[in-house]
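Only one structure is covered here, and it is reproduced in the block below.
The values are calculated or read from the model by the stated rules, or taken from the named source; none is laboratory data. All figures in this text were calculated on a predicted structure; none of them were measured in a lab. Cβ placement follows ideal geometry from the backbone for every residue including glycine, while neighbour counts extend to all protein chains displayed. The accessibility values were calculated without ligands, DNA or RNA, using every heavy atom of the protein model including side chains. Shrake-Rupley method; radii C 1.70, N 1.55, O 1.52, S 1.80 Å.
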Amino acid sequence: MTPTQRCRHGRGPDLQYGDLLSPARASANIGQFCMVMPWQTGVVLTREVLGLRVVEGNSYGLDCFLLIALLSLRVVQGQYAALTPMQTNREHLEDRWREVVIPLPATESERERVAGPVREFFAAQVRARESYHALMEVFD
């Protein structure tokens, strides 16, 4: 079983909270991932964007919070530069994202030590947005 799958492109909304997105073509930011938040799921992606979703129950103990932390490591980011050749006049990752080697912490406690603060950060972002909307309803 693979720990991630690629999100759909160019069709109806298929994004979910926790999906990871990165430019895949014509950008200096190829390989720099962001996370889809609950209020961002109704967009349509082009083929210029790489979308990854962590498969629940994967045998690697991987979740979206651990994956975005690991994808942000310098050793991983450097691989994207090497895998993204110039094509005509712009960079293009194509399917070479599958060649990136990600250092996975060996134990569940090490994985949680990395993922925990990331999970809390994104949970705080969701809570802040919900609090803001609740406040706006009070003053509506």
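Remarks
- Pick from region 42-59, criterion modelled with pLDDT under 90 and of a type in the set (A, V, I, L, M), ranking: surrounded by the most Cβ atoms within 10 Å (Cβ to Cβ): Leu50
- Which listed residue, of Leu62, Leu83, is touching a Pro at 6+ places or on another chain (Cβ under 8 Å) and surrounded by 16 or more Cβ atoms within 10 Å (Cβ to Cβ): Leu62
- Scanning region 17-41 for residues being at pLDDT 85 or above, in contact with an Asp or Glu (Cβ under 7 Å, 6 or more places away or on another chain) and open to solvent by 20 Å² or more (accessible area, probe 1.4 Å) gives a total of 1.
- One residue from Arg127, Arg119 being part of a helix (DSSP H, G or I), among the basic types (Lys, Arg), at pLDDT 90 or above and open to solvent by less than 80 Å² (accessible area, probe 1.4 Å): Arg119
- Members of region 18-32 that are closer than 18 Å to Glu120 by Cβ and either in a loop (DSSP other than H, G, I, E, B) or more than 12 Å from the chain's Cα centre (by Cα) (or both): Gly18
- When Asp14 is tested against (1) open to solvent by 40 Å² or more (accessible area, probe 1.4 Å); (2) under 23 Å from Glu120 (Cα atoms), just one condition goes unmet, and that condition is (2).
- Cross-chain or 6+ apart pairs with Cβ under 8 Å, region 74-101 first and modelled with pLDDT under 75, then in a loop (DSSP other than H, G, I, E, B) and open to solvent by 70 Å² or more (accessible area, probe 1.4 Å): Glu91/Ala28
- Positions within region 65-78 being β-branched (Val, Ile, Thr) and either touching a strand residue (DSSP E or B) at 6+ places or on another chain (Cβ under 7 Å) or surrounded by fewer than 13 Cβ atoms within 10 Å (Cβ to Cβ) (or both), in sequence order: Ile68, Val75
- Scanning region 39-57 for residues that are part of a strand (DSSP E or B) and within 10 Å of Asp19 (Cβ to Cβ) yields Gly51, Leu52, Arg53, Val54.
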